[in-house]
Amino acid sequence: MKVILKNVSLFHPVQKIDEKGIDILLTDGVISKIGKINPEEISGVKVFDLSNKHIVPGFFDMHVHLREPGREDEETVQSGCNAAANGGFTGIACMPNTEPAIDSAEVVSFIKKQSKDHLVDVEVIGAATLGRKGEYISPMAELYEAGVVGFSDDGVAIKTSGILKRAFEYSKMYNVPIIEHCEDETLSGGAMNEGLNSTMLGLPPIPSVAEELIVIRDILLAEYTGGKIHIAHLSTKKSVEMVREAKQKGISVTSEVTPHHFTLIDDSLKTYDTNFKMNPPLRTKADVDEILLGLKDGTIDCIASDHAPHSAEEKEAEFEHAPNGITGLETQVGLALTELYHKKIITLGQLIEKMSINPRKILNLPVPNFEVGQIANFTILDLTEIFTFDINRSKSKSKNSPFDKRLLTGKALGVINKSKMFYQDEFLNL
Amino acid sequence: MPLSNRHLLGLQGVPKEDIQLILDTASTFREVLERPIKRVPTLQGKTVVNLFYESSTRTRISFELAEKRLSADSINFAVSASSVSKGESFKDTIKNIEAMKVDMVVVRHSAAGTPLYLTKISDANIINAGDGIHEHPTQGLLDMYSIREKLRKIEGLKVCIVGDVAHSRVALSNIYGLKTMGAEVSVCGPSTMIPKNIEDLGVKVIYNIDEAIQENDVLNVLRIQLERKAREYFPSIREYAKYFGITGERLEKNGKDILILHPGPINRGVELSSGVADGLNQIILKQVTNGVAVRMAVLYLLGTLN
């Protein structure tokens, strides 16, 4: 099938492409011409008028919980991929805290099989330790061979420095990063950030130092072993500062932040709404300010959602008992454009690097290029559309978002990948 | 003048006029409690549910008695904490109770924020009888009532809350209420039991019990919850008693006539020496009676709002 994407603004920060009024001809999902194209010269071609819309390299969310296998009532590979496509992503990496954990080649193959026919590429993060229990390293070689692109015990930090050191040493053979959820469990166990708000709300606190201790432990061990560390969802000022310093020293460290950690602070918890409960918890304005600085100066490489679907029954509980996490695949693009691009914290180029280029580089995946002969891997953006996010239109099986009814500026209109297109709420084969 | 809010979830943000009104109304009911027939028909036909998700004998009995004295129909609903820790039945339970057309719900729960949640799913007036380590407004009110009864005022007094402030639901309610009424509030306890940033509430932090005795007109001594987690926050009971316990010698040394409140029951030899505890029996029992009067006032003022 031949398709023309008409009159687009083509933007690729690595290839240094920033051109308006471009037409793209796709043949069976492969880029066959970029430039001015007259549709009348090509028989049976389908034309999409994308005037004033941007086409950028397909977004990739490197921190997603798909819940399958184990909690298919909350999300499946299929529903998670639908949410990803709806949110503007052509690729995601799924975390291993499923039931059973992704600590064997069988589970990796199962997830790969479930996602095989979907537009969205699903990459798999394997457990760093068996059952994510922190006792023995997982069969990393076998997992790597099955296609795993990173190792993590996400949900918790790798339990001891000893096992982390071994995980670094072993994973180094494959140049695969360790992705860490940084939290010292002897200091955490609370329900929100420690500070005046936790005191006033009477909620058990989680001090910011619980995160920072593990960030510094991980940086030191990465330096010592020569392993690659990726700090997941960093949330505190000091974490940003330590990552910045480590990068200056040439240590192999990368990091990500979630949209909620650059948008919200712990004042939001005053209504005890469990949709604001996540781990790491929402922090303070000083933390957000440093995160914004870290996004600007490149300390923070990626924006990732930490998409964590939870059933309404479980989320609608007392604040202290409710599970941590919020969905995020479908609000990430809007929040990044609204809070970062339009507020001039980062440029569009930086935004695309953090949402498309860097996550793939960290996971050793090919970055989509705009060249004739390449498979089209695009996200279609309207940078200025103002819309209200409606959780009822989410494709995720779970609805636990604090951003319902939030006004956003800038939207992902669709995606193209694997010779498939998702546009105007429809999948079509190209 | 009616109360400005139809629920009592905490003392944070409750205006001075409301607290004044509750305390004045409590005085009236205090007289009723001295009568041979201690019952008034004020809440006849109203139904109050005492929803206790955490075991509490004294607070529950106090509320129940207050309801009976006001001629309300009261229903006790006690649920073991284990069945709610999963969170699945809570909303259903409330909806069930709601369907029984109740007017007021008195709720005690181990999780902070539960009373606020109830206001969103129920039309009844909600009274917080203690939520986690957040607030316990009627205890705060009865402490203020007892202070006012004894010292004839609250404004300008210096009040120190002593003990495990971090794990107390009484501390915050006292801080908010007393400050609104114009008292100067401080807290005293081992630093591991003082919550983060409490100074930002305009509260002085004192780590020396002698200093606390010297500086204040009132000590509100919290019960050290030996059975709870609190025990992990100081090295030994002996050390706590030695450095934070209030003894006759300490009071004498500082040569002060100081009002001591305690919500009871006292851990003798821990937060209060036996001697001090004995001397205090009178006021502690009075606090119990005042508790009924204050709860009657709250129930009456909320129950007759609509």
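Taking every residue in B:12-19 and counting other chain Cβ atoms within 10 Å of its Cβ, the average works out to 0. Taking Cα atoms only, the orientation of helix A:285-297 departs from the longest principal axis of chain A by about 50 degrees. Counts of other chain beta carbons within 10 angstrom of each beta carbon in peptide A:313-325 average 5.
Near A:Gly410, the amide H atoms lying under 5 Å from its own belong to A:Glu385, A:Ile386, A:Phe387; only residues 5 or more places off or on other chains count, and H is placed 1.01 Å from N.
Between 0 and 90 degrees, the angle of helix B:274-303 with respect to the longest Cα principal axis of chain B falls at about 30 degrees. For A:Asp289 paired with A:Val14, estimate the spin-label separation in nm (one decimal), with each label point 7 Å from Cα along the Cα-to-Cβ line. The two pseudo-label positions are separated by 3.5 nm. Can you tell me the 0 to 90 degree angle between the C-alpha axis of helix A:237-248 and the longest principal axis of chain A, rounded to 10? Taking the Cα atoms of chain A, the angle to A:237-248 is about 70 degrees.
The convex hull of the Cα atoms of region B:139-198, projected and averaged over all directions, covers 3.8 nm².
Determine the distance separating the Cα centre of region B:96-142 from the Cα centre of region B:1-47; give it in Å without decimals. A separation of 16 Å, based on Cα centres. Coupling constants for region A:54-64 follow from the phi torsions by the Karplus curve (6.51 cos²θ - 1.76 cosθ + 1.60, θ = phi - 60°), and in residue order they are 9, 10, 10, x, x, 6, 9, 9, 8, 9, 10 Hz; glycine and proline get x. Placing +1 on the Cβ of every Lys and Arg and -1 on the Cβ of every Asp and Glu, with nothing else charged, gives region B:137-288 a dipole about its Cα centre of roughly 300 debye. Overall shape of chain B was characterised from the C-alpha gyration tensor. The equivalent ellipsoid obtained from it has semi-axes of 32, 22, 17 Å, in decreasing order.
I need the shape label for region B:137-288. Rule: rounded when a/c is under 1.5, else prolate if a/b > b/c, else oblate, with a, b, c from the alpha carbon gyration tensor. Mind showing how you got there, number by number?
Values: a/c = 1.38, a/b = 1.12, b/c = 1.23.
It is rounded, given that a/c, with a ≥ b ≥ c, falls under 1.5.
Stretching the chain fully between B:Asn281 and B:Arg58 yields a gain of 78.7 nm (0.36 nm per residue, less the alpha carbon separation). Relative contact order for chain B: what percent, with Cα pairs under 8 Å and sequence separation of 6 or more? So the answer I get is 21 percent. The simple Förster model, with R0 at 51 Å and r as the Cβ-Cβ distance, assigns A:Arg393 and B:Glu155 a FRET efficiency of 0.40. Backbone geometry of region A:414-423 corresponds, through the Karplus equation with coefficients 6.51, -1.76 and 1.60 at θ = phi - 60°, to 3J(HN,Hα) couplings of x, 9, 10, 6, 6, 6, 10, 10, 10, 8 Hz, x marking Gly and Pro. Just list whichever of A:Lys237/A:Lys397; B:Lys91/B:Lys179; A:Lys238/A:Lys277 have alpha carbons separated by over 24 Å in the model shown. Listed pairs above 24 Å: A:Lys237/A:Lys397; B:Lys91/B:Lys179.
Tell me what chain B gives for mean residue ellipticity at 222 nm when only DSSP H runs of n ≥ 4 count, each as -39,500 (n - 2.57), the sum divided by the residue total, rounded to 500 deg cm²/dmol. Here the helix-only value at 222 nm equals -13000 deg cm²/dmol.
For A:Leu282, nonlocal amide neighbours, meaning residues 5 or more places apart or on other chains whose placed amide H falls under 5 Å from its own, are A:Asn193. Between A:Thr347 and A:Thr186, the C-beta separation translates, for a Förster distance of 41 Å, into a calculated FRET efficiency of about 0.50. Peptides A:25-38, A:292-305 ordered by packing proxy, namely the average of other Cβ atoms within 10 Å per residue, highest first: A:292-305, A:25-38. Over chain A, DSSP H runs of length four or greater, each weighted -39,500 (n - 2.57), average out per residue to a 222 nm ellipticity of -7000 deg cm²/dmol. Comparing Cα centroids, region A:316-335 and region A:157-174 end up 30 angstrom apart. Remark on B:Ile194: its backbone amide H falls under 5 Å from those of B:Ala166, a criterion applied only to residues 5 or more positions apart or on other chains, H modelled at 1.01 Å from N. Counting Cβ atoms of other protein chains within 10 Å of each residue's Cβ and taking the mean over peptide A:268-275 gives 3. When you count the other C-beta atoms within 10 angstrom of each residue and take the mean per peptide, B:64-74, A:105-115 line up highest first as B:64-74, A:105-115. Karplus-derived 3J(HN,Hα) values for region A:268-279, using 6.51 cos²θ - 1.76 cosθ + 1.60 with θ = phi - 60°, are 5, 7, 4, 9, 6, 6, 5, 6, 9, 9, 8, 10 Hz; glycine and proline are entered as x. Would you work out if the protein assembly as shown is rounded, prolate or oblate? Take a ≥ b ≥ c from the square roots of the eigenvalues of the alpha-carbon gyration tensor; rounded if a/c is under 1.5, else prolate when a/b is larger than b/c, oblate otherwise. Because a/c hits 1.5 or more and a/b exceeds b/c, the protein assembly as shown counts as prolate.
With a ≥ b ≥ c taken as the square roots of the eigenvalues of the C-alpha gyration tensor of region A:279-430, please select rounded if a/c is under 1.5 and otherwise prolate if a/b is larger than b/c or oblate if it is not? Intermediate values should be presented prior to the final figure.
Values: a/c = 1.72, a/b = 1.25, b/c = 1.38.
Oblate, since a/c reaches 1.5 and b/c is not below a/b.
Rg and Dmax of chain A, based on Cα coordinates, read 20.9, 70 Å. Listed peptides A:177-187, A:134-144 appear in the order A:177-187, A:134-144 once ranked by packing, highest mean of other Cβ atoms within 10 Å at the front. Here the protein assembly as shown is treated with +1 on each Lys and Arg Cβ and -1 on each Asp and Glu Cβ, and its dipole about the Cα centre works out to around 1120 debye. So if I take the centroid of the Cα atoms in region A:50-96 and the same for region B:255-306, what is the distance between those two points in Å? Each part's Cα centre sits 58 Å from the other's.
Rule-based calculations on the coordinates, nothing more; no lab input. Worth saying up front: this structure is predicted, and the values here are computed from it rather than measured. Positions of Cβ are backbone-derived with ideal geometry, glycine not excepted, and every protein chain shown enters the neighbour counts.
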